[in-house]
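Colleague: Before I ask anything, here is the structure I am working with.
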Amino acid sequence: MGLKRRSFIKHVASVVGSASVLSHLSHASQSTDLKKKVVVVGGGFAGATAAKYIGMWSKDIEVTMIERNAQFVSCPQSNLVLGGNRSMQQLTSDYDSLTSKYGVKTIQSEVVAIDTEAKNITLSNGDTVNYHRLILAPGVDFIYDTVPELENNDKAPHAWKAGPQTALLRQQIVDMKQGGTVIMTIPATPFRCPPGPYERACQIAFYLKHHNPTAKLIVLDANADIVSKKTMFKSAWDKYYADIIEYVPNSTIETIDVENLAIETEFDSFKADVLNYIPSQKAGNIADMAGVNNVDQRWCKVDFLTYESTVKPNVHIIGDAIHAKLPKSGHMANAQAKVCAAAVISLLADQQPKQDLAFSNTCYSFVDDQQAGHVAANYSYDADKKQMVVMPGGGVSLEADELEGEYANGWAENIWDDVLR
Ligand SMILES: Cc1cc2nc3c(=O)[nH]c(=O)nc-3n(C[C@H](O)[C@H](O)[C@H](O)COP(=O)(O)OP(=O)(O)OC[C@H]3O[C@@H](n4cnc5c(N)ncnc54)[C@H](O)[C@@H]3O)c2cc1C
């Protein structure tokens, strides 16, 4: 992750009430005699943060993080790879500091089964790992019911998990013939990163404008309108990409001829040279294995004081996988992870978790190589509603600018450090 550290003027710290959480916890760890076992599945924004903070805040817990990938690759800023404004290397980091600085045991493996009665998980090599409390942070998996042939098919990469698919989509865009057509599809909400698809449209259009100026980008959005930072994105599209981007709302995909990249929506037909198909989403598949995806068999309902499942005791879920009136963002995943880490430490010490919680979300989007804008919101726990509710403050950029581009880079550096180092 080699972004140059920039002056970090604005408040973008992603920390959630750390001081009060810490004082609460020092007592918790002193009164714990036995080493309890916490297993975290998933080493993304949520899981790596939870593992790190449990390791940092408690010496009485053995924390193990299981992640299928050898390295962390950041979705935030991955759209910039498509525009040619970041490299994959800048988004990639190892997990070494989690072990060397915080004592987290890391295992690179796929979790293939979870027995919530016996309190153990099974890895792809057949090994089992026991836990006292389990934290699931699997992110999202995809629903390919409209076009099952697209699953595991390189013809139309989603690039909605940063990694090889991001590099593949970038290469397909670069290799496209002059004057060709890129089509991206956006599923109905809820999905990971509400502004993400519209930022992606800017980045693809930015590349086309400079390298393939007669090409087109058609955005087929299943939603009735742009779902986040609408004014800012519309302004950027009008100003910079009016000849390139065609935005078509209410475009639910009905069929795709995968061989020919021919797409039918209810109202129209389209033909792509490059297709970025972003499928509908649900909690990562392990939520299903653990039986915790109890909202439409898609998302996981949790107690917002502890992130414990409402159906399986001792199983906590954090990040994109949960059902919440909170955006599915890396910033949120990081904040939820800290609340969960503190609550798990308290619960394992037979103490009551903290009851008054507040955190915030900030999400930046780039409209070109330099200019960005933000959306921000504050949330606190409402004990009557048993929900995180929106508090005053926050706001949204109406125009992108270069200063916000610097804030965006500062935010990224800051959160990568907070998750991993
Ligand atoms: C293009 C794009 C741009 C974005 N931009 C922003 C942004 O600017 N700001 C922002 O805040 N958010 C942004 N997001 C959203 C952000 O990336 C997600 O909200 C965040 O990654 C969620 O964290 P998570 O830990 O829940 O999931 P993830 O970060 O996806 O982590 C889940 C991890 O679990 C692992 N895993 C899953 N199942 C298993 C298993 N069975 N065994 C082992 N490991 C498993 C996965 O390999 C993965 O590493 C963006 C997303 C995208 C797609």
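Colleague: How many residues does the stretch 314-326 contain that are touching a strand residue (DSSP E or B) at 6+ places or on another chain (Cβ under 8 Å) and within 12 Å of the ligand (Cβ to nearest atom)?
Modeller: Qualifying residue count, the stretch 314-326: 7.
Colleague: Please verify whether the stretch 74-83 includes one or more residues that are modelled with pLDDT under 95 and in contact with a helix residue (DSSP H, G or I) (Cβ under 9 Å, 6 or more places away or on another chain).
Modeller: In the first step, residues of the stretch 74-83 are kept if they are modelled with pLDDT under 95; the result is none.
No, every residue in the stretch 74-83 fails to be modelled with pLDDT under 95 and in contact with a helix residue (DSSP H, G or I) (Cβ under 9 Å, 6 or more places away or on another chain).
Colleague: Return the residue satisfying two criteria in turn: it lies in the stretch 120-139 and is within 27 Å of the chain's Cα centre (by Cα) and assigned to a loop (DSSP other than H, G, I, E, B), and of such residues it is farthest from residue 64 (Cα to Cα).
Modeller: Of everything passing the filter in the stretch 120-139, 139 is farthest from residue 64 (Cα to Cα).
Colleague: A follow-up question, please. Within 30 Å of residue 358 (Cα to Cα) and outside any loop (DSSP other than H, G, I, E, B): which single residue out of 239, 282, 234 fits that description? Walk me through how you get there before you give the answer.
Modeller: Values: 239 fails: within 30 Å of residue 358 (Cα to Cα); 234 fails: within 30 Å of residue 358 (Cα to Cα).
Going through 239, 282, 234 in turn, the sole match is 282.
Colleague: Residue check: is residue 263 in contact with a strand residue (DSSP E or B) (Cβ under 9 Å, 6 or more places away or on another chain), over 25 Å from residue 362 (Cβ atoms) and crowded, with 18+ Cβ neighbours inside 10 Å?
Modeller: yes
Colleague: Kindly list the number of the only condition in (1) crowded, with 19+ Cβ neighbours inside 10 Å; (2) within 30 Å of residue 81 (Cα to Cα); (3) free of Cβ contacts under 8 Å to residues at least 60 places away in the same chain that fails for residue 309.
Modeller: Of (1) crowded, with 19+ Cβ neighbours inside 10 Å; (2) within 30 Å of residue 81 (Cα to Cα); (3) free of Cβ contacts under 8 Å to residues at least 60 places away in the same chain, only one is false for residue 309: (2).
Yes/no per residue for (1) part of a loop (DSSP other than H, G, I, E, B); (2) more than 12 Å from the ligand (Cβ to nearest atom); (3) touching a Lys or Arg at 6+ places or on another chain (Cβ under 9 Å):
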residue	(1), (2), (3)
62	no, yes, yes
69	yes, no, no
77	yes, no, yes
85	yes, yes, no
90	no, yes, no
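Colleague: Which condition from (1) in the same structural domain as residue 174 (by TED's automatic domain parsing); (2) closer than 30 Å to residue 56 by Cβ; (3) of a type in the set (Lys, Arg) is the one that residue 271 breaks?
Modeller: (2)
Colleague: Within the stretch 199-208, can one find any residue that is of a type in the set (D, E, K, R), within 12 Å of the ligand (Cβ to nearest atom) and part of a loop (DSSP other than H, G, I, E, B)?
Modeller: There is no residue in the stretch 199-208 that is of a type in the set (D, E, K, R), within 12 Å of the ligand (Cβ to nearest atom) and part of a loop (DSSP other than H, G, I, E, B).
Colleague: A further question on this structure: Residues being closer than 18 Å to residue 41 by Cβ and either of a type in the set (Phe, Trp, Tyr) or in a loop (DSSP other than H, G, I, E, B) (or both): count how many of those fall in the stretch 302-322. Spell out how you get there, then give the answer.
Modeller: Keep residues of the stretch 302-322 that are closer than 18 Å to residue 41 by Cβ, which gives 302, 306-309, 311-322.
Those left that are additionally either of a type in the set (Phe, Trp, Tyr) or in a loop (DSSP other than H, G, I, E, B) (or both): 306-307, 311-314, 318.
Residues meeting the conditions: 7.
Here's the yes/no breakdown for (1) in a strand (DSSP E or B); (2) surrounded by fewer than 22 Cβ atoms within 10 Å (Cβ to Cβ); (3) among the β-branched types (Val, Ile, Thr); (4) within 16 Å of the ligand (Cβ to nearest atom):
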| site | (1), (2), (3), (4) |
| --- | --- |
| 141 | yes, yes, no, yes |
| 145 | no, yes, no, no |
| 152 | no, yes, no, yes |
| 156 | no, no, no, yes |
| 161 | no, yes, no, yes |
| 166 | no, no, yes, yes |
| 169 | no, no, no, yes |
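Colleague: Separate question: Inside the stretch 327-349, can you point out the residues that are without any contact (Cβ under 8 Å) to a residue 60 or more places away in the chain and either more than 15 Å from the ligand (Cβ to nearest atom) or not in a helix (DSSP H, G or I) (or both)?
Modeller: Correct list: 343 only.
The values are calculated or read from the model by the stated rules, or taken from the named source; none is laboratory data. Predicted model, so just to flag it, every value in this text is computed and none were measured. Cβ coordinates were reconstructed from backbone atoms using ideal geometry, including for glycine residues, and neighbour counts include every protein chain displayed.
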